[in-house]
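S.K.: Next up is a structure, given as structure tokens.
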Amino acid sequence: MNRMILIALWAMVLNLSGCVLMMRGPASDREKAWEDYQAGQKQSAAEAERNSDVDGDNIPDRIDNCPLVRTFNHDQRDFDKDGVGDVCDNCPEKPNSDQTDVDKDGSGDVCDPTPNCSHKLFNCGR
């Protein structure tokens with residue numbers, strides 16, 4: 001009877017140590033897989049941000065000179081060379097990279113003869 005108990009105990013010890021070994025192996029595999037997944041997610045997020053194209057003109061936003069305007073701007077034309085594409089430039093004939101428009105009339109201050117007066121509301125001497 002003692003021999004049967006000893007065999008049973010030995011079997012339990014082997015079984016438990018096998019479980020411990022199995023838990024260590026797969027856990028480290030799971031940890032590695034999780035680390036790989038997280039690294040992939042970070043890389044995917046960075047890649048997605050790098051290649052985002054909000055306006056859908058097939059020019060990534062990071063190099064698009066008019067990234068928020070949903071207008072066909074595939075040629076990236078910028079007549080005044082101010083870094084703002086002609087399709088979204090409020091003064092395409094004169095450089096004005098800050099696009100300042102104090103009176104909010106749609107015409108950039110460098111092109112607006114009355115930059116402090118919205119002629120839509122007032123005559124402003126016109």
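S.K.: So, counting K/R as plus one and D/E as minus one, what does the shell of residues with Cβ under 10 Å around VAL54 add up to?
M.R.: For residues surrounding VAL54, the net value is -4.
S.K.: To make sure I understand, if each residue's beta carbon is the centre and we count other beta carbons within 10 Å, what order do CYS91, CYS111 fall in, fewest to most?
M.R.: CYS111, CYS91
No lab work stands behind these numbers, since they all come straight from the coordinates. Note that this is a predicted model, so its numbers are computed, not measured. Every residue, glycine among them, receives a Cβ derived from its backbone with ideal geometry; neighbour counts consider all protein chains shown.
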